[in-house]
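Comments concern the structure below.
The values are calculated or read from the model by the stated rules, or taken from the named source; none is laboratory data. Note that the structure is a prediction, hence the values are computed from the model and not measured. Glycine gets a Cβ as well: all are built from the backbone with ideal geometry, and neighbour counts include every protein chain shown. Keep in mind that these areas ignore ligands, DNA and RNA; they rest on the heavy atoms of the full protein, side chains included. Shrake-Rupley method; radii C 1.70, N 1.55, O 1.52, S 1.80 Å.
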Amino acid sequence: MKLLFNQNIKFILLAFFTLLSIQNSQAQEDSFWSHVRFGGNIGLGFTNNTFNVIVAPSAVYDFSNQFSAGLGLNFGYTDGINFTSTNYGASIITLYNPFPQLQLSAEFEQMGVSRSIELDGPDVNENYWYPALFVGAGYRIGFVSVGLRYDVLYDDNTSIYASAYAPFVRVFF
């Protein structure tokens, strides 16, 4: 398990630093960075004695007016009455706009999950990696897209999400 953890961390770091170092391989730095958009997700929630926070920065490169692809980092923390969970990982996203108002997306996300559940009997402590492959569609206005995505790899026992369907608000500047 530790070997798999180290390999996944190395993959995440390699992907992140590759994105940051692409500028060194471009002959015209201004040309490359003029096609990069940054965005992501920040969330904070309080419900029924539960606290959660999500931080997920990302960046995409616009190959054309219709197609973009990029990388993201993800971190989430949840603390409930008998439950705590920490999630961390990376994602690869592709965006396709067949016309300006419609955005289709595919996103592969690999998340490390560390969760602890306190029960009346023995506590449950789990550490594992969870893959998710989302396909989605959204309505796009300027730099904001609102829509729904579906995890085709959803597993009710190990997913960090409550459902295979997840609404999204995606912002890229």
Here are some conditions: (1) more than 11 Å from the chain's Cα centre (by Cα); (2) open to solvent by 50 Å² or more (accessible area, probe 1.4 Å); (3) more than 24 Å from residue 164 (Cβ to Cβ); (4) modelled with pLDDT of 95 or more. Residue 96 meets all but one. Which one does it not meet? (3)
Please tell me if residue 38 is in contact (Cβ under 8 Å) with a residue 40 or more places away in the chain, surrounded by fewer than 17 Cβ atoms within 10 Å (Cβ to Cβ) and among the aromatic types (Phe, Trp, Tyr). yes
Quick check: anything in region 111-133 farther than 19 Å from residue 80 by Cα, among the aromatic types (Phe, Trp, Tyr) and not in a strand (DSSP E or B)? no
Which one of these does residue 54 not meet: (1) over 21 Å from residue 171 (Cβ atoms); (2) open to solvent by 40 Å² or more (accessible area, probe 1.4 Å); (3) in a strand (DSSP E or B); (4) at pLDDT below 95? (1)
If I filter region 66-85 down to residues being within 30 Å of residue 117 (Cβ to Cβ) and not in a strand (DSSP E or B), which single residue comes out as most open to solvent (accessible area, probe 1.4 Å)? 81
